[in-house]
Amino acid sequence: MKYILILGATSDIAIACAHEFARNGYGVQLAARKQDKLKIIAQDIEVRHKMPVTCHTFDALDYESHHEFWKKLPHRPEVTLCAFGYLGQQEKGQTDWREAWQIIETNFTGAASILNIVAQSYEEQGRGSIIGISSVAGERGRQSNYLYGSAKAGFTAYLSGLRNRLYKKGVHVLTVKPGFVDTKMTEGLDLPGPLTAKSEQVAKSIYKAHRSKKDVIYTLPVWQLIMQNIRLIPEGIFKKMNL
């Protein structure tokens with residue numbers, strides 16, 4: 001049986017992905033800090049899809065535990081999905097280093113720490129798939145979220161480097177840029193409906209891209225056009241914009 005490991009498995013997108021992969025015949029390994037919540041998610045998946053689900057304690061910022069975490073998994077997953085993240089508060093992070101640190105460490109350093117281990121394992125066995133959920137926010141720094149955006153920019157570059165390194169080893173690396181998604185993390189934000197995806201849409205696009213070995217996907221294709229245009233704005237103009 002094939003297995004997927006989902007890191008940060010309590011997020012809305014992660015839960016939707018767990019259901020999508022289980023629906024398509026994958027056993028699921030859920031990893032996060034909140035074990036009580038994971039058990040509820042696991043029971044729901046088992047009942048709906050009749051697939052085995054296990055729960056594992058994982059803390060993205062406890063770097064010293066990552067090797068042991070990977071070693072103790074009951075099944076070596078064919079697919080590893082890195083779904084954790086922290087939007088944080090930009091204004092608070094500008095003056096409170098603890099907030100800035102958490103944004104940067106969660107969205108980049110923690111992901112690089114565990115995926116370094118996963119990548120080495122997959123490289124040695126000559127197969128496997130790594131899926132990283134990044135963000136369109138990483139494509140250009142904006143005053144409203146440049147702490148989060150810079151961390152995601154780093155993560156996007158990291159995944160690109162992994163893809164370049166591992167391609168000849170038979171390992172697939174997929175970068176996902178969902179754009180706006182209606183989740184708990186974005187609750188309270190005024191998101192434009194036509195540009196906002198549901199978690200289930202993201203999950204389906206991820207599974208389809210995984211099957212077809214895509215490199216980079218935008219959940220809603222319109223985001224690729226939007227970000228292409230934003231990247232073309234000259235810096236002298238861009239710095240004056242209220243974004």
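None of the figures in this text is laboratory data; all of them are computed from the coordinates on show. Everything quoted here is computed from the prediction, not taken from an experiment. No Cβ is skipped: glycine too gets one built from the backbone with ideal geometry, and neighbour counts run over all protein chains shown.
Summary of computed values
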| item | result |
| --- | --- |
| Options Glu105, Glu139, Glu91; residue that is surrounded by fewer than 19 Cβ atoms within 10 Å (Cβ to Cβ), in contact (Cβ under 8 Å) with a residue 40 or more places away in the chain and of a type in the set (Asp, Glu) | Glu105 |
| Test: Ala111 is more than 16 Å from the chain's Cα centre (by Cα) and either part of a helix (DSSP H, G or I) or among the polar types (S, T, N, Q) (or both) | no |
| Residue within the stretch 37-44 that is of a type outside the set (S, T, N, Q) and under 24 Å from Ala112 (Cβ atoms) present | yes |
| Criterion (in a helix (DSSP H, G or I) and touching a residue at least 60 places away in the same chain (Cβ under 8 Å)) met by exactly one of His75, His19, His66 | His19 |
| Test: residue in the stretch 181-202 that is within 14 Å of the chain's Cα centre (by Cα), within 24 Å of Thr57 (Cα to Cα), surrounded by 13 or more Cβ atoms within 10 Å (Cβ to Cβ) and of a type outside the set (A, V, I, L, M) | yes |
| Hey, Val222 of a type in the set (Val, Ile, Thr) and closer than 20 Å to Asp12 by Cα or not | no |
| Qualifying residue in the stretch 217-234 (condition: touching a helix residue (DSSP H, G or I) at 6+ places or on another chain (Cβ under 6 Å), polar (S, T, N, Q) and either surrounded by 10 or more Cβ atoms within 10 Å (Cβ to Cβ) or at positive phi (or both)) | yes |
